[in-house]
Structure formats: C-alpha cells, structure tokens
C-alpha cells in the first residue's frame with residue numbers, strides 16, 4: 001500500500017494556527033483567573049498591614065468576595081465566548097448566516113450590511129443573559145446596582161436605536177469603500193474610521209452622553225473654587241465642571257475628562273462628590289490633569305491611529321486570500337463581495353491573538369497612572385490623594401491583594417499597595 005501523503009495547505013495552516021491561538025488564549029486566561037481567585041482567597045482573612053488602620057476587615061473581605069465572584073463569573077463567560085467563536089467560525093455559523101442572507105437578499109451592499117448587523121444583533125442576544133446576571137445578581141448582591149429593570153431596558157433601547165442611527169450608515173460607507181476604492185481601500189477606509197473616532201470625541205459630551213445621563217453644572221462652591229484654581233495653575237481650560245447622576249445606575253464612583261478641543265469638560269459622578277471631601281476631589285482632579293500634562297491622551301490617540309492602520313493593512317491583505325475564509329470555516333462568495341465576511345472574521349479572530357500582548361499595554365497604562373499620581377502630588381496634598389484613592393478602592397470593593405501575575409496582564413491601574421507606596425517614596429525623595 002502506498003502511504004497517504006499529507007499536504008499542509010494555506011487553508012489548513014490557517015485553521016491550525018487559529019485553533020492553537022484559540023486554545024492557548026483560553027488556557028492563558030483560565031490560568032490567570034484561577035491564580036487571581038486563589039491569591040485573593042488566600043489573603044481574605046487579613047487586611048494588609050499598610051492598610052490595617054484605614055480599612056476594616058469587613059470591607060477587605062467584601063472586596064475579596066466581590067473580586068472572586070466576578071472572576072469566577074468571568075470564567076463562565078470566557079468558556080461560553082470561546083464556544084460561540086467556534087460555532088461562528090470552524091463549525092460554520094457565519095457561513096450559514098451568509099448563505100441565508102444571500103438567498104433572501106441576493107449579493108450586493110444591502111446583503112453585506114445585513115450580514116454585519118445580523119451578526120451584531122445575534123451576538124448581543126447571546127450575551128444578554130450574562131449582562132443581566134452581572135447587573136441584577138452580582139452587582140445587586142454587593143450593593144452596587146442602583147438601576148431598575150425599567151431603566152436598564154430604556155438604556156438598552158436607546159443604545160440600540162443610537163447604534164442603528166450611527167452604525168448602519170458607517171457600516172454601509174466602509175463596505176462601499178472596500179469595494180469601490182481599489183487595492184488601497186484599506187488606507188482610505190482607515191482615514192474614514194479615524195475621522196469618525198475624532199468626530200465622536202467632539203460630539204459625545206454634548207450630544208450623546210446626555211441621552212443616557214443628566215449633567216448639571218457643579219454647585220458646590222468650595223469644590224468649584226478649588227477646581228478652577230487648580231485648572232488655572234495647570235494651564236488647562238475646559239467648557240465647565242459637571243455632575244453626572246451616576247447614582248441612578250451604580251454606586252461606583254468616578255471622575256473623568258471628556259471631549260476634544262473646545263468641547264472638553266470635567267465630569268464628576270455624584271457618588272464621588274458624596275464620598276470625598278473637597279480637598280480629596282481636588283486631588284482626584286489633579287490626577288486627571290496629570291494625564292493631560294504628560295500628553296497621555298494624545299499619545300493614546302496616536303497609538304490607536306498607528307495600531308488601527310496596521311490592522312487595516314493586515315485586513316487589506318487577508319481579505320484577498322481565499323485561505324483566510326476557508327481556513328476559518330467560511331466559503332467566500334463566488335459572485336458578489338466578501339467584504340463583510342472579511343471584516344467579521346477579522347474582528348472575531350484578532351482578540352485571541354491580542355490576548356498575548358496584554359502585558360505590554362497594561363504596563364504602559366500603569367506607567368501613565370504613576371506619572372499622573374506624581375503630578376497630582378506636586379499640585380495638591382499627598383495625603384488627600386492617598387485618602388481619596390483608599391476611599392475609592394473601598395467604595396468600589398477593589399481588592400487590595402491581587403495576584404501579581406494577573407496584575408501584569410490586566411490591571412490598567414497599579415494595585416493600591418504599589419501605587420500608594422510609590423507616592424510616599426516620591427514625597428520622601
């Protein structure tokens with residue numbers, strides 16, 4: 001008998017590479033989550049000595065339980081999303097959806113738009129039980145959820161209608177450009193995508209955010225005076241200070257800058273103002289200003305531009321290769337465009353390869369947070385920032401004892417012990 005020869009075709013190689021990346025990504029995330037659960041549970045019964053005088057054991061244990069519960073739930077979501085990805089790709093789900101819409105609508109732009117929108121809607125429905133459980137069971141159990149089902153439903157309807165109003169024209173434009181602008185379509189499409197993102201930065205604060213939340217001018221004269229003085233000596237201008245009704249939906253607290261250029265505004269959650277003293281609010285604001293002083297926002301925008309350009313260039317190459325489709329369980333259309341299929345496959349597959357670059361971006365983000373902290377300490381009282389951070393850690397039930405390896409992969413902000421230790425060291429130098 002003649003032995004059967006084995007040929008590693010580009011299509012088969014694509015399948016194998018994707019399968020390995022999918023499995024490796026799943027195992028890595030599962031291992032990291034398991035480490036986090038064990039580490040937090042092991043340190044649950046004792047407050048770290050550095051915080052023993054400020055954090056009660058009950059608060060520490062609540063943070064541990066909250067972290068463990070969320071992480072365990074995340075493992076369930078991880079397994080489910082991995083299975084859904086396999087169904088969409090190697091098991092033929094996306095292929096079936098494409099053929100079904102081709103039978104209904106025929107080949108063309110309408111079918112391409114319908115394919116993308118149907119995929120988004122189906123995925124949203126698949127994820128819906130997890131969203132509801134997260135909000136109305138986990139967040140509710142730990143006292144963070146303040147939203148009602150009626151308000152949640154209103155938000156869902158608003159966001160869906162907004163997504164249709166903005167997303168459908170944008171998707172149609174992108175798909176049209178992919179087919180009408182020649183081999184360099186990816187460059188032109190990248191330009192449109194970047195222009196859209198910049199436009200959203202401009203219009204989001206004044207046109208979109210108020211659809212979901214109420215924004216009222218800051219009324220506290222002490223905080224307003226401190227904030228204005230801080231902004232002046234920092235050389236920063238904004239359109240104003242606003243308070244957002246975050247307490248309608250959650251007990252979590254935050255403050256942020258939003259907008260671009262003349263549309264920039266400072267937003268405080270009402271929960272933040274109720275938890276912090278005026279001097280502590282000033283310190284938190286100084287931290288946010290530190291990001292602008294160090295040009296972190298500009299650097300992130302430039303990085304986003306560069307990475308998205310590389311992504312579009314890669315998509316431009318892959319979309320013209322038959323093995324890219326067949327290797328991921330989809331037969332490309334013989335008659336009619338495959339642009340929507342290319343976009344969807346790229347969006348489904350890319351996160352599984354991106355999982356291994358997490359430590360790089362997390363490390364950069366933590367470095368930026370240290371720099372913003374250092375600026376805040378130079379502009380305000382170090383104790384105010386430290387006290388504010390501790391209150392926020394406690395009020396948000398953020399664990400004080402995360403697993404160090406988990407931190408390297410996922411934490412965009414430094415853990416409390418490391419962060420406050422760096423602040424104290426800077427103050428002593």
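The values are calculated or read from the model by the stated rules, or taken from the named source; none is laboratory data. Just so it is clear, the model here is predicted, and its values are computed rather than measured. No Cβ is skipped: glycine too gets one built from the backbone with ideal geometry, and neighbour counts run over all protein chains shown.
Identify all residues within region 338-350 that are in a helix (DSSP H, G or I) and either free of Cβ contacts under 8 Å to residues at least 12 places away in the same chain or over 28 Å from residue 404 (Cβ atoms) (or both); write none if there are none.
From region 338-350, those in a helix (DSSP H, G or I) are 339-350; that's our starting set.
Within region 338-350, 339, 340, 341, 342, 343, 344, 345, 346, 347, 348, 349 meet the criteria.
Report, by residue number, each residue of region 171-205 that is without any contact (Cβ under 8 Å) to a residue 12 or more places away in the chain, in contact with a helix residue (DSSP H, G or I) (Cβ under 7 Å, 6 or more places away or on another chain) and within 22 Å of residue 300 (Cα to Cα).
Scanning region 171-205 gives a single hit, 188.
Does residue 305 meet the test of being under 22 Å from residue 367 (Cα atoms) and at pLDDT 90 or above?
Considered against the rule, which asks whether it is under 22 Å from residue 367 (Cα atoms) and at pLDDT 90 or above, residue 305 comes out as yes.
Looking at region 125-146 only, could you name the residues that are part of a loop (DSSP other than H, G, I, E, B) and either in contact with a helix residue (DSSP H, G or I) (Cβ under 7 Å, 6 or more places away or on another chain) or surrounded by fewer than 16 Cβ atoms within 10 Å (Cβ to Cβ) (or both)? Step through it out loud before you land on a result.
If we filter region 125-146 for residues that are part of a loop (DSSP other than H, G, I, E, B), which is where we start, we get 142-144, 146.
142, 143, 146, listed by residue number.
Output the number of the condition that residue 413 fails; it satisfies all remaining conditions of (1) under 24 Å from residue 279 (Cβ atoms); (2) in contact (Cβ under 8 Å) with a residue 40 or more places away in the chain; (3) over 18 Å from the mean Cα position of the chain (by Cα).
(3)
Okay, residues lined up against (1) under 22 Å from residue 138 (Cβ atoms); (2) surrounded by 19 or more Cβ atoms within 10 Å (Cβ to Cβ); (3) touching a residue at least 24 places away in the same chain (Cβ under 8 Å):
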position	(1), (2), (3)
8	no, no, no
18	no, yes, yes
25	no, yes, yes
35	yes, no, yes
46	no, no, no
54	no, no, yes
69	yes, no, yes
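Give region 58-93 a look and list any residue that's within 25 Å of the chain's Cα centre (by Cα) and within 26 Å of residue 331 (Cα to Cα), or say none. Can you show your working first?
Taking region 58-93 first, the residues within 25 Å of the chain's Cα centre (by Cα) are 62-89.
Result: 80, 81, 82, 83, 84, 85, 86, 87, 88, 89.
Hey, among the residues in region 391-417 that are crowded, with 16+ Cβ neighbours inside 10 Å and out of contact with any helix residue (DSSP H, G or I) (no Cβ under 7 Å at 6 or more places or on another chain), which one's farthest from residue 30 (Cα to Cα)?
Residues of region 391-417 that are crowded, with 16+ Cβ neighbours inside 10 Å, as a first pass: 391-403, 406-407, 409-411, 413-416.
Now drop any that are not out of contact with any helix residue (DSSP H, G or I) (no Cβ under 7 Å at 6 or more places or on another chain), which leaves 392, 396, 407.
Numbers: 392: 28, 396: 24, 407: 14 Å.
This residue is 392.
Taking the conditions exactly as written (buried (at least 18 other Cβ atoms within 10 Å of the Cβ) and part of a helix (DSSP H, G or I)), does residue 372 satisfy them or not? Walk me through it before giving the result.
Numbers: buried (at least 18 other Cβ atoms within 10 Å of the Cβ): yes; part of a helix (DSSP H, G or I): yes.
In short, yes.
Given the conditions (1) within 24 Å of the chain's Cα centre (by Cα); (2) closer than 20 Å to residue 88 by Cβ; (3) modelled with pLDDT under 90, which single one is not true for residue 340?
Exception for residue 340: condition (3).
Out of all the residues in region 164-171, is one or more at pLDDT 90 or above, surrounded by 15 or more Cβ atoms within 10 Å (Cβ to Cβ) and over 15 Å from residue 267 (Cα atoms)? Don't jump to the end; show me each part of the working.
Within region 164-171, the subset at pLDDT 90 or above is 164-171.
From what is left, the residues that are surrounded by 15 or more Cβ atoms within 10 Å (Cβ to Cβ) are 167, 171.
Filter once more, so that each one left must be over 15 Å from residue 267 (Cα atoms): 167, 171.
Yes: one or more hits.
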